[in-house]
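The values are calculated or read from the model by the stated rules, or taken from the named source; none is laboratory data. Remember, predicted model here, so these are calculated numbers, not experimental data. Cβ atoms come from the backbone with ideal geometry, glycine included; neighbour counts cover every protein chain shown. Quick note on the areas: whole protein, heavy atoms, side chains included, nothing else; ligands and nucleic acids left out. Shrake-Rupley method; radii C 1.70, N 1.55, O 1.52, S 1.80 Å.
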Amino acid sequence: MKNDTKNISIHDLQSNEPSYLETIFSLANGHFGIRASDPIANSSTAGTLVNGFYETSDITYGEVAYGYAKKNQTIVKLPDLRNIKFVDDQQRAFDQSQLISESLDFETGLLNSTYKISNPDGKSFELNLQAVLQQSNDEVIGLRYTIKPVDYFGKVVGIKHFNTDSATQKSDDPRKSRTVDTLTYAKKTIDGQQELIEVTTKYSQMSLAMAMSVSTGLEQVFSLQPNQTVTFDVIGLVSKINGILDLDNLPKFEEILKDSTDFWQEFWQNSDIEISGDDSLNQAIHYNLFQLVSSTGRDGKTNIPAKGLSGTGYEGHYFWDTEMYMSPFFAYTNPEIAKNLIKYRYSVLDESKKRARTLGVKEGALFSWRTINGQEASAYYPAGTAQYHIDADIAYAIDRYYKVTDDKEFMKNYGLELVLETARFWKNFGSYSEIHCKKRFCFFDVTGPDEYTALVNNNYYTNRMAKFNLLFAVDLIDEFPKKAKELGVSAKERDQMANIAAAIFLPYDQIKGINQQDDSSFKKPVWPFETTPKENYPLLLHYHPLTIYRYQVNKQADTLLADFLFDDISHDQLVKEYDYYEKITTHDSSLSRSIFSALAARIGLKQKAYDYFMATAKTDLIDLQGNSADGLHVANLGGSWLTIVSGFGGLRVKDGLLTIDNHLPDQWDKLAIRIKYQGRLLEIVYRKDATEIHIIHGEPLPIKVDGIEETFK
Ligand code: IFM
């Protein structure tokens, strides 16, 4: 039976703005993505994006300093595979189009769009375009064009060639992408049915091939007659980076659709979430999970761009978003993908060691704040490189993966080394200082997750994460002593890490009784929220950074994120901390609300948890941040899962035990989630007065549910 909450159509959306719809209905398979363009409009924002395919350019600084990032890395917008041209019997283009309907099916991965296409006389036909990406062979897309006359009859020429004109608009918004005009296109083969182009970037020296095959011909003439339709299929191909394409044995459209349907069926089998009684919310969650997995590189060489493959925003860069917001979903539903995301970090470990040397650290690795190839691409170090918490975020994701899978082999071959090299960074980048007559280990000049506070001393989140990273390294050294020795660890180094972890300073305000965001945070005046007009949000687009940094104002969860992750402060302190930081947080970052919701659920602030969650769940579907046209907020897609499962569902691994606390919102009668845990598939059903656990397959498992440990079969 069809599930009504596993599809979305334009009627479910409040905006019909074309570039917004291009994002919302974009399709991807981890390797490449295609925006849902109007096929005849030649939109400047339409196109194909390949995960990890970027061009570099020099970063131009007014004043440069040692160690600044040198090169931009910009994801390349490639030709639009949907694009087509139709010409009438007088050789005039059908150049007007109007979107009539559009819907995306999350159970098959099929996007269905219908347009009314008209010539200069206003005579028209209806074009239905179906698009679906192959998932097993991720280089393939199937496109089916079906044409039905409205009041135009007679000759039409359909012309399908690669359109390589690409005009991206320049903008001052730092979240948008810069233009790339250093591409070379070479037509390699062309016959009546197939066209292949090779795209080469001038500076990053990457290339790939795109091809399309139209069985009825690249330029085909047909005649539209009353009550008749014309259908033809286009099979499109996008090679791997520096790869080649095989144009023989192409699959048929139906085969691509079947492949996609099989993929999505298995996906929902392992990862579904159902909330009783709110169809539009279920739809939003299903949409989020569909787009999250679509956005994710699965090959161990690529990662998850902050906007997925749905838009060029943030230039296709990978951030800490992956480890803290997206990989939890994969660890618990598709650990193979979680593993490959960590493998990507391993693949840039050498670059990260070099970066640590540039920062003056003689051992260890510093992962880049924003990057594709491992090199730092942030030109603004106060909110870029200074966010070195990314090292510990990666270690945290490895710990999560290990807890959920118990994959010792992976830890021996990859995990240990990554945790060790990040711990070495912390050991060398911080320093001892005397605080309240005690020797404490500190991190000076650091930026935490909150990007409205920069270059402060002892950011609580960073210090808490560094402590975790060092302790985790010590645990792993003890667990894998032979491998640790091979990696050059001595008993002295191990003890040094343990001692530093114990001495790390965690700022705490005695009077307020809460953890302090950093050494200076409470000394600053609170941002004048009462006199800030609504239209001045997000603040980053209206105030100089130095205006913002001088106030207590948060863009996103910072200290509270540490509280969420470590669950190590008393209920009373958490309530006070939440209350304090909530008042100074703007949520100008889409990474914020999910954490506020999850924590509110844990504290018992039910209405707040629900309200923040509703905004999180529908961030892109209601264009909450106002910039979904640039691409989806993929961290938030993962954040919405995190809120449901770890917030309302209270799921975490604590003291080696899967632990669940039922915080079901009053608005729901039932929540059912599916997760994988150490080789088992589980369904957890939360009701108002009970929590049921079903082990769908796998061995019995002890679980702590609402404080009581029981073995479930
Ligand atoms: O990584 C985030 C950051 O935390 C807030 N600004 C946007 C980045 C990319 O999503």
**Prompt:** Across the stretch 197-251, how large is the tail of the calculated P(r) beyond 17 Å, expressed as a percent of all Cα pairs?
**Reply:** 54
**Prompt:** Given a Förster radius of 45 Å and the C-beta distance between Asp655 and Ala379 as r, what FRET efficiency does 1/(1 + (r/R0)^6) yield to the nearest 0.05?
**Reply:** 0.55
**Asked** Using alpha carbons only, how many degrees (0 to 90, rounded to 10) separate the axis of helix 416-429 from the longest principal axis of the chain?
**Response** 60
**Computed label-point distance, nm, for sites Asp445 and Thr60 using a 7 Å Cα→Cβ extension** = 2.8
**Request:** Work out from phi, with θ = phi - 60° and the Karplus expression 6.51 cos²θ - 1.76 cosθ + 1.60, the ³J(HN,Hα) of each residue of the stretch 519-536, listed in order in whole Hz, and give x for Gly and Pro.
**Result:** 4, 9, 4, 6, 7, 7, x, 6, 3, x, 4, 5, 9, 8, x, 3, 6, 8
**Complete:** One can check that the equivalent ellipsoid of the stretch 515-599, built from the alpha-carbon gyration tensor with semi-axes equal to the square roots of five times its eigenvalues, has lengths in Å, largest first, of 23, 15, 11
**Asked** Could you give P(r) for the stretch 556-713, binned at 5 Å from zero, as whole percent values over all Cα-Cα pairs?
**Response** 2, 9, 18, 20, 18, 15, 10, 5, 2, 0
**Relative counts (whole %) of C-alpha pair distances in the stretch 509-548, using bins that are 5 Å wide** = 5, 18, 23, 18, 16, 13, 6, 0
**Request:** Place the peptides 291-301, 653-663 in order of packing, highest mean first, counting for every residue the other Cβ atoms within 10 Å and averaging per peptide.
**Result:** 291-301, 653-663
**Asked** How much length is gained on full extension from His697 to Asn457, taking 0.36 nm per residue of separation minus their Cα-Cα distance?
**Response** 81.5 nm
**Item:** Accessible area of the chain divided out per residue, in Å², using a probe of 1.4 angstrom
**Value:** 39
**Prompt:** Using the alpha-carbon atoms, what tilt in degrees (0 to 90, nearest 10) does helix 460-479 show relative to the longest principal axis of the chain?
**Reply:** 80
**Request:** Can you tell me the equivalent ellipsoid semi-axes for the stretch 61-157? Use √(5λ) from the Cα gyration tensor, largest first, whole Å.
**Result:** 39, 21, 12
**Prompt:** Label Asp89 and Asp191 with points 7 Å out from Cα along Cα→Cβ: what is the distance between them in nm?
**Reply:** 3.3
**Message:** Tell me the relative contact order for the chain as a rounded percent, counting alpha carbon contacts under 8 Å between residues six or more apart.
**Reply:** 12
**Request:** Sum -39500 (n - 2.57) across every DSSP H segment of at least 4 residues in the chain, then divide by the residue count to get the 222 nm mean residue ellipticity, nearest 500.
**Result:** -8500 deg cm²/dmol
**Asked** What is the distance, in nm, between label points placed 7 Å from the Cα along the Cα-to-Cβ direction at Gln98 and at Lys583?
**Response** 5.4
**Complete:** Checked the stretch 426-487 against the a/c 1.5 cut and the a/b vs b/c comparison, axes a ≥ b ≥ c from its Cα gyration tensor; verdict prolate
**Request:** Apply the Karplus parameterisation 6.51 cos²θ - 1.76 cosθ + 1.60, with θ equal to phi minus 60°, to every residue of the stretch 571-576 and state each ³J(HN,Hα) to the nearest whole Hz, in sequence, with x for glycine and proline.
**Result:** 4, 4, 5, 4, 4, 5
**Message:** Stokes-Einstein diffusion coefficient for the stretch 354-454 at 37 °C in a medium of 0.692 mPa s, Rh from the Kirkwood formula over Cα pairs: what value in µm²/s?
**Reply:** 221
**Asked** Which trypsin sites (Lys or Arg not before Pro) does the stretch 161-245 hold that lie in a coil by DSSP with at most 16 other beta carbons within 10 Å?
**Response** Lys170, Arg178, Lys202
**Item:** Karplus-derived 3J(HN,Hα), 6.51/-1.76/1.60, for each residue of the stretch 310-321, Hz, glycine and proline x
**Value:** 9, x, 8, x, 6, 6, x, 7, 9, 10, 5, 3
**Request:** Relative to the longest principal axis of the C-alpha atoms of the chain, give the angle of the C-alpha long axis of helix 593-603, reported between 0 and 90° and rounded to the nearest 10°.
**Result:** 50
**Prompt:** What's the FRET efficiency of Ser520 with Ser490 using the Cβ-Cβ distance as r and R₀ = 30 Å, to the nearest 0.05?
**Reply:** 0.20
**Request:** Please state, rounded to one decimal and in Å, the Kirkwood hydrodynamic radius that the stretch 260-331 gives when every pair of distinct Cα atoms enters the mean of 1/r.
**Result:** 13.5
**Asked** Could you state the number of Å between the C-alpha centres of the stretch 632-684 and the stretch 190-236?
**Response** 44
**Set of the stretch 579-606 residues, backbone N closer than 15 Å to the point 7 Å along the Cα-Cβ line of His571** = 600-606
**Request:** Excluding residues on the same chain fewer than 8 positions from Lys188, give the aspartates and glutamates whose Cα lies under 17 Å from its Cα.
**Result:** Glu198, Asp246, Asp248
**Request:** Report the full-extension gain for the segment Thr547 to Ser431: residue separation times 0.36 nm, less the Cα-Cα distance, to one decimal in nm.
**Result:** 38.8 nm
**Message:** From the convex hull of the Cα coordinates of the stretch 655-713, what is the mean projected area in square nanometres?
**Reply:** 4.0
**Fill in**
Kirkwood calc, the chain, C-alpha pairs only, radius in angstrom 26.7
**Request:** Mind putting a number on the dipole of the chain about its Cα centre? Charges go on the C-beta only, +1 for Lys and Arg and -1 for Asp and Glu, and I need it in Debye to the nearest 20.
**Result:** 1620
**Request:** Post the alpha-carbon centroid distance, the stretch 281-321 to the stretch 326-362, in whole angstrom.
**Result:** 16
**Item:** Gain on full stretching of the segment that runs from Ser44 to Asn249 - 0.36 nm per residue minus C-alpha separation
**Value:** 70.5 nm
**Prompt:** Which of the peptides 10-19, 524-533 is most tightly packed, and how do the rest follow, going by the mean number of other Cβ atoms within 10 Å of each residue?
**Reply:** 10-19, 524-533
**Prompt:** In the stretch 235-289, what is the volume of the convex hull around the alpha carbon atoms, normalised per residue and reported in Å³?
**Reply:** 127
**Item:** Residue pairs, from the table Lys71/Lys362; Lys148/Lys258; Lys403/Lys676; Lys467/Lys576, whose Cα atoms sit over 19 Å apart
**Value:** Lys71/Lys362; Lys148/Lys258; Lys467/Lys576
**Net charge dipole size for the stretch 319-467 [Lys, Arg +1 and Asp, Glu -1 on Cβ; Debye, nearest 20]** = 500
**Complete:** Under the rule rounded for a/c under 1.5, else prolate if a/b exceeds b/c, else oblate, using alpha carbon gyration tensor axes a ≥ b ≥ c, the stretch 164-233 is classed as oblate
**Message:** How high is the relative contact order of the stretch 620-713? Use alpha-carbon pairs under 8 Å, at least six apart in sequence, and give a whole percent.
**Reply:** 19
**Fill in**
Taking R0 as 25 Å and r as the Cβ-Cβ distance between Asp350 and Asp478, the FRET efficiency 1/(1 + (r/R0)^6), rounded to the nearest 0.05, comes to 0.40
**Asked** Taking Cα centroids, how far is the stretch 556-622 from the stretch 504-519 in Å?
**Response** 19
**Prompt:** According to the square roots a ≥ b ≥ c of the eigenvalues of the Cα gyration tensor, what is the shape class of the stretch 375-509, taking rounded for a/c under 1.5, prolate for a/b larger than b/c otherwise, and oblate for the remainder?
**Reply:** oblate
**Asked** Which three extents, in whole angstrom, do the alpha-carbon atoms of the stretch 187-301 cover along their principal axes, largest first?
**Response** 54, 53, 25
**Prompt:** Expressed as cubic angstrom per residue, what is the convex hull volume of the alpha carbon set of the stretch 300-404?
**Reply:** 91
**Item:** Highest to lowest packing among 87-94, 696-703, 345-352, scored as the average C-beta count within 10 Å
**Value:** 345-352, 87-94, 696-703
**Complete:** Of every Cα-Cα pair in the stretch 73-115, the percentage lying beyond 14 Å is 70
